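First comes the structure, then the notes that go with it.
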Amino acid sequence: MIVVMGATGHTGRIITETLLKAGETVRALGRSAERLAPLQELGAEVLAGDAGSATYLVKAFHGADRAYTLLPPDPQSIDFRAEQDRVGEAIVRAVKDSGVRHVVFLSSVGADQKQGTGPIAGLHAQEERLRHLDGTHVLSLRAAFFFENFQATLPLIKHQGINGGAIAPNLPVPMIASRDIAEVAAKALHTRSWNGRVVHELLGERDLTHTEATQILGARIGKPDLKYVQFPYGDYAGALVQAGLSQDMAGLYVEMAKAFNEGRAKSLEGRRPQNTTPTRFEDFADELASAYRAL
Ligand SMILES: NC(=O)c1ccc[n+]([C@@H]2O[C@H](COP(=O)([O-])OP(=O)(O)OC[C@H]3O[C@@H](n4cnc5c(N)ncnc54)[C@H](OP(=O)(O)O)[C@@H]3O)[C@@H](O)[C@H]2O)c1
């Protein structure tokens, strides 16, 4: 049996659906039984609870031999790094208490760095915890910047006619559709395709600058002149807090943007066929355009 954390989220939902189609028995986890219900209808066993609770996760991992794990983001957290540590430790405890011997962990480009990368530093810490698990095969997928991140700036485009953020406009950034990560993770879990501790970058179809991505998106929403504006870090943090993020989370996002801009959060492998995935930003832009029109 395969246990899937974050099964109602971007990657977890597709992993659950793909594994069910492949004939696997899946236990899908999330916070809400209601949001998990569609996966139950597809044949998954579901168990709702808070991943920060080791008691819940130990129960959730019981009887499984493989697991998809992640540290869920909480934009309102007043101490997000502590939250990541709590969930990360609960995962390790649950793996140790169960028969899980193959663990996929959703990590990020930049997770080689111990600090100075905002939320990515929490993924580094979790990679380290998992590395010390004896007798467990751990595949850490260091994913690129999700295409889905642009959903957060759609209201800015709608109301102010610009796209914006703290990442430098002309910095090439590896960007990926989360569904491509899900496909790799599901295949690895289904086939148990790795041994020992493996780190694998997933860099999307190509690197894109925020200016290029904004142009592609602008053309799809009838704004061919849409511009990407880089905000000063302080203004960016203020805008995130206004949008409902905690001060702590806003500070971590600024730190992450700096890490990209200063070249500390970057691919170590370099682009290769093995870390390049199929979905183009152009293929995804229609989803963003639909979400934009629905605003
Ligand atoms: N965005 C990026 O560019 C990027 C790049 C690399 C890595 N990552 C990493 O990707 C991860 C997020 O993955 P994702 O996008 O697939 O997930 P997601 O869409 O953000 O969804 C989060 C999932 O976790 C569940 N969840 C949230 N809080 C929880 C809690 N306290 N206890 C139990 N479950 C909880 C949610 O369930 P409900 O909401 O239904 O309760 C949902 O299923 C993060 O660790 C992030 O660092 C992101």
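Each residue of region 134-143 in order: what ³J(HN,Hα) in whole Hz does its phi give by Karplus 6.51 cos²θ - 1.76 cosθ + 1.60, θ = phi - 60°, with x for Gly and Pro?
Using θ = phi - 60°, the values come out as 6, x, 10, 8, 10, 10, 9, 9, 8, 7 Hz.
Counting Lys +1, Arg +1, Asp -1, Glu -1, what net charge surrounds I120 among other residues with beta carbon under 12 Å of its beta carbon?
Summing Lys and Arg as +1 and Asp and Glu as -1 gives +3.
Which GluC sites (Glu not before Pro) in region 201-295 pass both tests, a DSSP loop state and at most 14 other beta-carbon atoms within 10 Å?
E262, E269
Of all DSSP beta bridges in the chain, what percent run antiparallel (nearest 5)?
10 percent
Taking R0 as 25 Å, what FRET efficiency do you get between D79 and K114 from their Cβ-Cβ distance, rounded to the nearest 0.05?
E(calc), rounded to 0.05, equals 0.85.
Specify, per residue and in Å³, the volume enclosed by the convex hull of the alpha carbon atoms belonging to the chain.
124 Å³
Over region 84-184, what per residue volume does the convex hull of the Cα atoms give, in whole Å³?
Expressed per residue, the convex hull around the Cα atoms of region 84-184 is 127 Å³.
Quick one: longest stretch of the chain between exposed loop trypsin sites (Lys or Arg not before Pro), exposed meaning at most 13 other C-beta atoms within 10 Å and loop per DSSP?
1-113
For N195 and D286, calculate 0.36 nm times their separation in residues minus their Cα-Cα distance, and state this gained length in nm to one decimal.
Full extension of this stretch gives 28.9 nm more.
Would you check the chain for Lys pairs whose C-alpha atoms are within less than 27 Å, ignoring same-chain pairs closer than 8 in sequence, and give me the count?
Here the count comes out as 15.
Could you give the spread of the C-alpha atoms of region 36-130 along their three principal axes, from largest to smallest, in whole angstroms?
41, 29, 24
Go ahead and estimate [θ] at 222 nm for the chain from helices alone: -39,500 (n - 2.57) per DSSP H run with n ≥ 4, summed, over the residue count, rounded to 500.
Taken over the chain, the calculation gives -13500 deg cm²/dmol.
What is the antiparallel percent of DSSP beta bridges lying wholly in region 125-212, to the nearest 5?
25 percent
With θ set to phi - 60°, apply the Karplus curve 6.51 cos²θ - 1.76 cosθ + 1.60 along region 102-119 and write out the HN-Hα couplings as whole Hz, x wherever there is a Gly or Pro.
10, 10, 9, 10, 7, 10, 9, 3, x, 6, 6, 8, 6, 8, x, 10, x, x
Fully extended, how many nm does the chain gain between R272 and Q40 (0.36 nm per residue separation, minus their Cα-Cα distance)?
The R272-Q40 span can extend by a further 79.8 nm.
Just the number please: accessible area per residue for region 206-293, 1.4 Å probe, all protein chains included, in Å².
That works out to 52 Å² for each residue.
Return the long-range amide H neighbours of G164 (sequence gap of 5 or more, or a different chain), with a cut-off of under 5 Å between placed amide H atoms.
Long-range HN contacts for G164: V229.
For region 253-261, what does the Karplus curve 6.51 cos²θ - 1.76 cosθ + 1.60, with θ = phi - 60°, yield as ³J(HN,Hα) per residue in whole Hz, taken in order and with x for Gly and Pro?
5, 5, 4, 5, 4, 4, 4, 5, 4
In terms of modelled amide H atoms, which long-range or inter-chain residues lie less than 5 Å from the amide H of V46?
A28
Please list, ordered by chain and number, the residues whose modelled amide H lies under 5 Å from the amide H of S107; skip anything fewer than 5 residues away on the same chain.
Amide H to amide H, under 5 Å and 5 or more residues apart or across chains, S107 pairs with L141, R142, A143.
Over what distance in Å are the Cα centres of region 64-100 and region 1-53 separated?
When both Cα centres are located, 15 Å separates them.
Please report, in whole Å³, the volume per residue of the convex hull around the C-alpha atoms of region 206-293.
129 Å³
The values are calculated or read from the model by the stated rules, or taken from the named source; none is laboratory data. Here the structure is a predicted model, which is why all the values come from computation and not from measurement. Neighbour counts are summed over all protein chains in view; Cβ atoms, including those assigned to glycine, are modelled from backbone coordinates with ideal geometry. Surface areas here come from the heavy atoms of the whole protein model, side chains and all, with no ligands, DNA or RNA. Shrake-Rupley method; radii C 1.70, N 1.55, O 1.52, S 1.80 Å.
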